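Since the structure comes first, as structure tokens, the remarks are kept for the end.
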Amino acid sequence: MNKKAASIILMLFEVIVVIVVVGIALTVATRLGKPETINKITAAEDLAMMVNTLVALPGDALVEYPRNMSLYSLVLTSQKVTIYEGDQTKDRDPVSRPFILPQGYTATKFVKQKASVCLQKEGKTIVIVECPKP
Amino acid sequence: MSDNDVFEVGRKTIYWMIASFIIGVLMIAFVIFIVGYQGKLTAVPGELKTGFITLRFVTNPDCFAYQDATGRTFPYTIDLSKFTKERMNLCYLTDPEKGYNTFNFKLTLHGRDMSLATNNFFNVVYYSPLGYAVLIWDGEKFIRDDLLIEVQESISSIPTMKGS
């Protein structure tokens, strides 16, 4: 192999490495920096705190989450709240936040891409529902 | 290939070995930076979260709040007969094995010198205790007192006792 050929191969290798590195950096940055990811995290934190607040209420209550959640699906269980982007079957990076309920309390139900989302407490049951229209 | 050509290839190989390592480190640092920035944007102060969690201790009759015979709940009034370890476990029970990586609390009735802790509280506290001005129902009368709540945030492992 002559020197010119070796140089060309090495140059091609360097170009490929640069493209791969830049591609990986861009992919990581866009995936982690998406506003939807931030929105999912803040919504999950807010809803977990709302559940804890509802647990503290001695009676029944209905509380609206004051953000448009039409881009997300929300699943509530007795251990955590999970937010998915769009249809929950397609999102590979859902965000969950746990909470601890007193014994005898349950949290359940899910809401799929509704603009207005409410947490409702009835007795010892907390559910996530689409807010009733006024 | 001449000796110069072999030297050139060898030099490039060593260069790319070093460059690959440095690029790998830089990529990891980049990811850590982005994740850290994301964490800063979405951080919620621990004191805020614990404020919501600890409300249940003084307002929920399934925890320690006093409820009279008619079913009316008295918020910020502690029923002394409910202030027990068993009631605490009904009100707030963390995972027995990994519950140390969530919030744990120690409640102290200052005037009575009575304390209760959640099941994974190991006295690793980082900030001042929360305080609630409360009334205590001792079965006969209401008595003014202060409820102090020490907060243990998530810890990475169960602390070991020194000297054991």
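Read-outs: derived from the displayed coordinates by stated rules, not from any lab. Note that the coordinates shown come from a computational prediction; the quantities given were computed from them, not determined experimentally. Every residue, glycine among them, receives a Cβ derived from its backbone with ideal geometry; neighbour counts consider all protein chains shown.
Select from B:Thr84, A:Val18, B:Tyr66 the residue farthest towards the positive end of the dipole of the protein assembly as shown; place +1 on Cβ of Lys and Arg, -1 on Cβ of Asp and Glu, and compute about the Cα centre.
The one lying farthest along the dipole's positive direction is A:Val18.
Return one number: the angle in degrees, 0 to 90 and rounded to the nearest 10, between the long axis of the Cα atoms of helix A:3-33 and the longest principal axis of the Cα atoms of chain A.
10 degrees
Nearest 10 degrees, 0 to 90: what angle lies between the long axis of helix B:3-42 and the longest principal axis of chain B (Cα atoms)?
On a 0 to 90 degree scale, this one is about 20.
Which Rg and Dmax, in Å, describe the Cα atoms of chain A?
23.2, 85
Could you pull out every residue, at least 5 positions away or on a different chain, whose amide H is within less than 5 Å of the one on A:Tyr65? Hs are placed 1.01 Å off N in the peptide plane, and Pro or chain starts have none.
A:Val117, A:Cys118, A:Leu119
Return the calculated 222 nm mean residue ellipticity for chain B, to the nearest 500 deg cm²/dmol, obtained by summing -39500 (n - 2.57) across DSSP H runs with n ≥ 4 and dividing by the residue count.
Helix contribution divided over all residues of chain B: -13000 deg cm²/dmol.
For chain A, what is the charge dipole size about the Cα centre, in debye to the nearest 20, if Lys and Arg each add +1 at the Cβ and Asp and Glu each add -1 at the Cβ?
Its charge dipole is roughly 340 debye.
Any idea how far the Cα center of segment A:23-96 sits from the one of segment B:30-104, in Å?
Each part reduced to its Cα centre gives a spacing of 20 Å.
Compute the acute angle (0 to 90°) between the alpha-carbon long axis of helix B:46-59 and the principal axis of greatest extent of the alpha-carbon atoms of chain B; round to the nearest 10°.
20 degrees
If we sort B:72-80, B:90-98 on the protection proxy, mean other Cβ atoms within 10 Å, highest first, what's the order?
So the peptides B:72-80, B:90-98, ranked by packing, come out B:72-80, B:90-98.
Quick one: go through segment B:47-65 and flag any residue whose amide nitrogen is under 12 Å from the point 7 Å out along the Cα-to-Cβ line of B:Phe142.
No residues fall inside that zone.
Rounded to whole Hz and in sequence order, give me ³J(HN,Hα) for segment B:123-139 from the Karplus expression 6.51 cos²θ - 1.76 cosθ + 1.60, θ = phi - 60°, writing x for Gly and Pro.
Per residue, the Karplus-derived 3J(HN,Hα) values read 6, 9, 10, 10, 9, 4, x, 6, x, 10, 7, 10, 10, 10, 9, 9, x Hz.
Shielding by partners for B:49-59, please: the mean number of other protein chain Cβ atoms within 10 Å of each residue's Cβ.
Across the residues of B:49-59, the mean count of other-chain Cβ atoms within 10 Å is 5.
Take the Cα radius of gyration of segment B:54-164 and divide it by 2.2 N^0.38 Å, with N its residue count; two decimals is plenty.
1.13
Of A:Lys80/A:Lys112; A:Lys80/A:Lys124; B:Lys49/B:Lys106; A:Lys109/B:Lys40; A:Lys114/B:Lys49; A:Lys34/A:Lys109, which ones are farther than 19 Å apart at the Cα?
Where the Cα-Cα span goes over 19 Å, the pairs concerned are A:Lys109/B:Lys40; A:Lys114/B:Lys49; A:Lys34/A:Lys109.
Please report, in Å, the Rg and the Dmax of the protein assembly as shown, where both are computed over Cα atoms only.
Reported Rg and Dmax, both Å: 27.7, 103.
Go through B:Ile143, B:His110, B:Val124 and say which Cα lies farthest out towards the positive end of the charge dipole of segment B:46-152; charges sit on Cβ, +1 for Lys and Arg, -1 for Asp and Glu.
B:Val124
Under the definition of partner shielding as Cβ atoms of other protein chains within 10 Å of a residue Cβ, what is the mean value for peptide A:96-102?
Mean inter-chain Cβ contacts per residue within 10 Å come to 5.
Which value in deg cm²/dmol, rounded to the nearest 500, describes the helix-derived mean residue ellipticity at 222 nm for chain A, given -39,500 (n - 2.57) per DSSP H run of n ≥ 4 and division by the residue count?
-14000 deg cm²/dmol
Partner chain Cβ atoms within 10 Å, averaged over the residues of B:83-96 - can you pull that number for me?
Mean shielding by partner chains, rounded to a whole number: 2.
Please tell me the relative contact order of chain A in percent, rounded to the nearest whole number, where contacts are Cα pairs under 8 Å and at least six residues apart.
24 percent
So for chain B, averaging the separation of alpha carbon pairs under 8 Å that are six or more residues apart and normalising by length, what relative contact order in percent results?
Relative contact order here is 17 percent.
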